[in-house]
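Participant: Mind looking over this structure? Questions follow.
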Amino acid sequence: MELIRHNLPALIVVTPLVMGLLTSIIGRRGLGWWMAMGTTAAGLAMSVQLLVDVLSQGDRTLEYLMGNWPVPFGIGYSVDPLNATVLLIVSLLSAVITLYARKSVASEVPAGKLNFFYALWLFCITGLLGITITGDAFNLYVLLEISSLSTYTLVALGKDRNRRALTSAVNYLVLGSIGACFYLVGVAYLYMATGSLNIADIAERLQPIYASWGTDEPVYQKTVITGFAFMAVGLSLKLALFPLHGWLPNAYTYAPSSVSALLASTATKVGAYAFIRVIFTLVGVGFAFGRLHTDVALMVCSGAAILVGSWLAIRQTNVKKLLAYSSIAQIGYIALGFALANRDGITASVIHLFNHALTKGGMFLALGIVMYRVGGTRLSDLRGLGRKLPITMGAFTAGGLGLIGVPLTSGFISKWYLVSACLERGRYELAGVVLVGSVLALVYVWRVVETIYFGKREDEVTVREAPASMLVPTLILVGASIYFGVDSSFTTHIAGEAADFLLKVKP
Amino acid sequence: MQIVLDYYNYWACILIMMIGFYGIMAKSNLVKKVISLAIFQTGILVFYISTGKIDGGTGPVRVAEGAAEAVYSNPLPHALMLTAIVVGVSTMAVALAIIVNIRQAYGTIDELDIETMEHERGE
């Protein structure tokens, strides 16, 4: 037991990797799902244990050395309140969505490919967990590519329902690879300046470089600035920050239902985490925001993301695409939170990572049920479903209220912190943007809700309520998103811990 | 002029990367797009390798005892790029596999043609 507990940071990444390989070989017929389910459940248990462990540490960090090679020579995994929270988000959501996936995936993916589907599913989760936990800048790139490559394929597997999945996947692949390559170039520049790849070590070695910039002989000034610029653009592509969001709507729309839910609730969140890590831990907020004023650029982009994303969401007729555009707006809220760089802002950002994962995950699962029962996710497919699928549509509506940020939903808590962070920084116009975003969200959610409950259905087909194996995970996510809106002590506590941790390491 | 000559290796890498980048944006044939992506990645590989080069440096092999200390190139970028090559090859493989599927589904691998086809179907 002690051995497992000591090696938890490695096991949490290695388990899904090994199980993914096994699944591709022996996971035929139903077995693949069982293996994926067992692995993600074990991952959830491990990440809960890690969170408990890290919060019990005095300095709130856990270091793990791969093969006992000391950093910066070996690869070190380091856990702190921020990435322990993101680990919990990823493993919780992946476990719940895997629970849901069985019937949904079986109806959308050819039976002969199920073992490969679940193998890719586990590889994707491996990559996401790895990005979150690693303390090495190059290792992060490799894990980013592991998760991205499996994601491209998972998106493309939606091809049997709609062939546009293929073109979306290629588009995502090209843009995603450019993003990863930009990040890689950024790492090269920082390596030239510091001679290290360990994130904490680079941060330490950058200090004397920064100190030299005020003097007559600045060293590596252009190198570090260029490196950070490449990293920032690359990661913005990965997290789909406006205006680099082009790949997202189609990839989410045409992927199989479970894949959309997994991507929407974890992939962009991990991208946001990596960006936060680069700004706050790697280059330091004093350099990124204080010297380069990246925060202004981020605020403009995230403000535009909120407005444009919500506006485009209003105009969609495919509800899945509507949710995808809404995700772009929600990513704007997350980016706005950490761009403000005060305690409330980072707290809002981390809370919203969590809350949005639950809410959007739940809504995509509810749409997956519509797909499973009705066979489409256009607005016309949802017409009048309020009476036929009362529980599913109730869950969808409750999730929608969370997107708007109605009090007693978790979305309200995130927006409350975000608005107070804007006011604290004296950015009244950004607080206004957040409120306008909520009004626009009200419009696009209302359009769907109106269709669901008041739309008349011409074809009187009999649609039965979803099977329990799909309904229960949906209700878990939506229920959790409401629970954390009523009692937000857990989310605010861990997000506060993460914010304190990040601001303490300010150079 | 001096800055071009002093850093000619970096200029070469930038040139390769930009050729690739141009191809990614300008070509509508998906296979050409993916090849451009590979060229872009190759530019990065060369960039990494050239950061580790030292004038007159040899390979990082163990020097015989008693011999004068050798100057050697930094081996770490080479090791990193082995990983990056693997990643690049995998990306290529996934991309080409998807393009084969696109060809089967649409009968063409030209992005513009596909857009026109989808547009006509009212997407």
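Participant: Could you tell me whether the stretch A:156-167 includes any residue that is under 24 Å from A:Leu353 (Cβ atoms), more than 7 Å from chain B (Cβ to nearest Cβ) and either under 15 Å from the mean Cα position of the chain (by Cα) or not hydroxyl-bearing (Ser, Thr, Tyr) (or both)?
Facilitator: no
Participant: While we're here: Against the conditions (1) under 26 Å from A:Phe242 (Cβ atoms); (2) surrounded by fewer than 23 Cβ atoms within 10 Å (Cβ to Cβ), where does A:Tyr172 fall short? Just the number, please.
Facilitator: (2)
Participant: Modelled with pLDDT of 90 or more, facing chain B (nearest Cβ under 9 Å) and part of a helix (DSSP H, G or I), is that true of A:Leu173?
Facilitator: yes
Participant: Another question, then. If we scan the stretch B:28-51, do we find a residue that is among the β-branched types (Val, Ile, Thr) and modelled with pLDDT under 90?
Facilitator: Step one: filter the stretch B:28-51 for residues among the β-branched types (Val, Ile, Thr), giving B:31, B:34-35, B:39, B:42, B:44, B:46, B:49, B:51.
Then keep just the ones that are modelled with pLDDT under 90; that gives B:49, B:51.
Looking through the stretch B:28-51, at least one residue is among the β-branched types (Val, Ile, Thr) and modelled with pLDDT under 90.
Participant: Consider A:Phe338 carefully, then state whether it is buried (at least 24 other Cβ atoms within 10 Å of the Cβ), closer than 17 Å to A:Val478 by Cβ and aromatic (Phe, Trp, Tyr).
Facilitator: Details: buried (at least 24 other Cβ atoms within 10 Å of the Cβ): yes; closer than 17 Å to A:Val478 by Cβ: no; aromatic (Phe, Trp, Tyr): yes.
Considered against the rule, which asks whether it is buried (at least 24 other Cβ atoms within 10 Å of the Cβ), closer than 17 Å to A:Val478 by Cβ and aromatic (Phe, Trp, Tyr), A:Phe338 comes out as no.
Participant: Here are some residues: A:Tyr273, A:Tyr333. Which one is surrounded by 23 or more Cβ atoms within 10 Å (Cβ to Cβ), of a type in the set (Ser, Thr, Tyr) and farther than 30 Å from A:Arg378 by Cβ?
Facilitator: None of the other options fit; the residue is A:Tyr273.
Participant: Select, from A:Ala348, A:Ala288, A:Ala304, A:Ala297, the only residue that is in a helix (DSSP H, G or I) and buried (at least 24 other Cβ atoms within 10 Å of the Cβ).
Facilitator: A:Ala348
Participant: Moving to a separate point now. Can you find a residue in the stretch A:108-129 that is at the interface with another protein chain (Cβ under 9 Å from one of its Cβ atoms), assigned to a helix (DSSP H, G or I), closer than 28 Å to A:Asn318 by Cα and within 18 Å of the chain's Cα centre (by Cα)?
Facilitator: no
Participant: With the stretch A:355-422 as the region, which helices (runs of 4 or more DSSP H) entirely inside it contain at least 1 residues that are among the β-branched types (Val, Ile, Thr) and crowded, with 24+ Cβ neighbours inside 10 Å?
Facilitator: Fully inside the stretch A:355-422 and qualifying: A:390-404.
Participant: Could you tell me which of the residues A:Gly186, A:Gly227 is more than 11 Å from every other protein chain (Cβ to nearest Cβ), surrounded by 24 or more Cβ atoms within 10 Å (Cβ to Cβ) and of a type outside the set (A, V, I, L, M)?
Facilitator: The conditions single out A:Gly227.
Participant: Against the definition (among the hydrophobic types (A, V, I, L, M, F, W, C) and more than 24 Å from A:Thr359 (Cα to Cα)), how does A:Leu114 come out, yes or no?
Facilitator: So A:Leu114 fits the description; yes.
Participant: Would you point out which residue out of B:Ser28, B:Ser36 is surrounded by fewer than 15 Cβ atoms within 10 Å (Cβ to Cβ), touching a helix residue (DSSP H, G or I) at 6+ places or on another chain (Cβ under 8 Å) and within 29 Å of A:Pro249 (Cβ to Cβ)? I'd like the intermediate steps shown before the answer.
Facilitator: Numbers: B:Ser36 fails: surrounded by fewer than 15 Cβ atoms within 10 Å (Cβ to Cβ).
Only one candidate passes the filter, namely B:Ser28.
Participant: Take B:Pro77 and decide whether it is more than 30 Å from A:Leu166 (Cβ to Cβ), at pLDDT below 80 and not charged (D, E, K, R).
Facilitator: Considered against the rule, which asks whether it is more than 30 Å from A:Leu166 (Cβ to Cβ), at pLDDT below 80 and not charged (D, E, K, R), B:Pro77 comes out as no.
Participant: Does the stretch A:28-63 hold any residues that are farther than 15 Å from A:Pro9 by Cβ and among the β-branched types (Val, Ile, Thr), and which are they?
Facilitator: Passing the criteria: A:Thr39, A:Thr40.
Participant: Next question, about the same structure. For residues that are at the interface with chain A (Cβ under 7 Å from one of its Cβ atoms), in contact (Cβ under 8 Å) with a residue 60 or more places away in the chain and of a type in the set (Val, Ile, Thr), tally how many sit in the stretch B:93-123.
Facilitator: Matching residues across the stretch B:93-123 total 2.
Condition check ((1) among the aliphatic types (A, V, I, L, M); (2) over 25 Å from A:Thr294 (Cβ atoms); (3) modelled with pLDDT under 90) across all residues:
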| position | (1), (2), (3) |
| --- | --- |
| A:Leu322 | yes, yes, no |
| A:Ala341 | yes, no, yes |
| A:Val350 | yes, no, no |
| A:Leu358 | yes, yes, no |
| A:Met371 | yes, yes, yes |
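Participant: Hey, could you check the stretch A:189-205 for residues that are aliphatic (A, V, I, L, M) and buried (at least 22 other Cβ atoms within 10 Å of the Cβ) and say which is nearest to the other protein chains (Cβ to nearest Cβ)?
Facilitator: Going through the qualifying residues, I end up with A:Leu197.
Participant: State yes or no: is A:Ala101 free of Cβ contacts under 8 Å to residues at least 60 places away in the same chain, crowded, with 22+ Cβ neighbours inside 10 Å and closer than 21 Å to A:Val155 by Cα?
Facilitator: no
Participant: Out of A:Val433, A:Val439, A:Val443, I need the residue that is closer than 17 Å to A:Ala335 by Cα and either assigned to a helix (DSSP H, G or I) or touching a Cys at 6+ places or on another chain (Cβ under 8 Å) (or both). Which one?
Facilitator: Residue meeting the stated conditions: A:Val433.
Participant: Going by the structure shown, is A:Glu204 out of contact with any Lys or Arg (no Cβ under 6 Å at 6 or more places or on another chain), among the charged types (D, E, K, R), assigned to a helix (DSSP H, G or I) and modelled with pLDDT under 90? Let's see the steps before the verdict.
Facilitator: On the way: out of contact with any Lys or Arg (no Cβ under 6 Å at 6 or more places or on another chain): yes; among the charged types (D, E, K, R): yes; assigned to a helix (DSSP H, G or I): yes; modelled with pLDDT under 90: yes.
Yes; evaluated as a whole, the condition is true for this residue.
The values are calculated or read from the model by the stated rules, or taken from the named source; none is laboratory data. Predicted, not measured: the structure shown is a model, and the values here were computed from it. Note that we place each Cβ from the backbone using ideal geometry, even for glycine, and neighbour counts take in every protein chain shown.
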